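Before any comments, here is the structure.
No value in this document is a laboratory result; all are computed from the given coordinates. Treat the numbers as computed from the prediction; the structure is a model and nothing was measured.
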Amino acid sequence: MPSIPASSDLPAAAEAPAGPGLLDALQHQVAVFARRAEQTRLGGVGQARNSMDRAAYLLLNRLDLEGPMGVKALAGGMGIDSSTVTRQVAPLVDTGLVKRTSHPEDGRAVVLALSARGLTRLEEVRSSRRELMARVTEGWAEEEREAFTTLLTRFNLSLSELMAAAAESGPAS
């Protein structure tokens, strides 16, 4: 995993950026975060490190948290289209992490479910990522971890709502 500097190793500009304002600093820090997340793939540590891509992790996690569901429901809940989910789920089915089953009320419909193997693999990756988050925030107070999680969740929800609204309004004219 690439070395991530401690906050004391960051240049003063990263802590208190000069320039046109707070929103410029925010967009810059989001870009840096995205690059660092991609560099580490937030894969965690140990044997499970970097062993599951983001799309697979998010799909498996959603199936674990919400239970079996159809492609359309899975896509809608993730804010992506059904064709993307179909494409992303195919290798998960092929490797036995996800299974296709008949809908319990309508045998003609197919639902996707997390397999036992998928749950085991997901737990390995979660554990690895949990350890990475513990290391990254080792010097943080529990209140700081909670505040960061709350704000990051709020940021992600706001971004998701903005993207959904843009998709509903269609292309700009």
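Per 0.36 nm of contour for each residue apart, how much would the distance between LYS72 and HIS28 grow if the chain were fully extended, relative to their Cα-Cα spacing?
Numbers: separation 44, 0.36 × 44 = 15.84 nm, distance 3.46 nm.
Stretched fully, the LYS72-HIS28 segment lengthens by 12.4 nm.
Two decimals is fine: what's Rg over Rh for segment 24-173, C-alpha atoms, Kirkwood radius as Rh?
Rg/Rh for segment 24-173 comes to 1.01.
Go from 0 up to the bin containing the longest alpha carbon distance in segment 91-145, width 10 Å each, and give me the % of pairs per bin.
Histogram of Cα-Cα distances, whole percents per bin: 22, 28, 22, 18, 9, 1.
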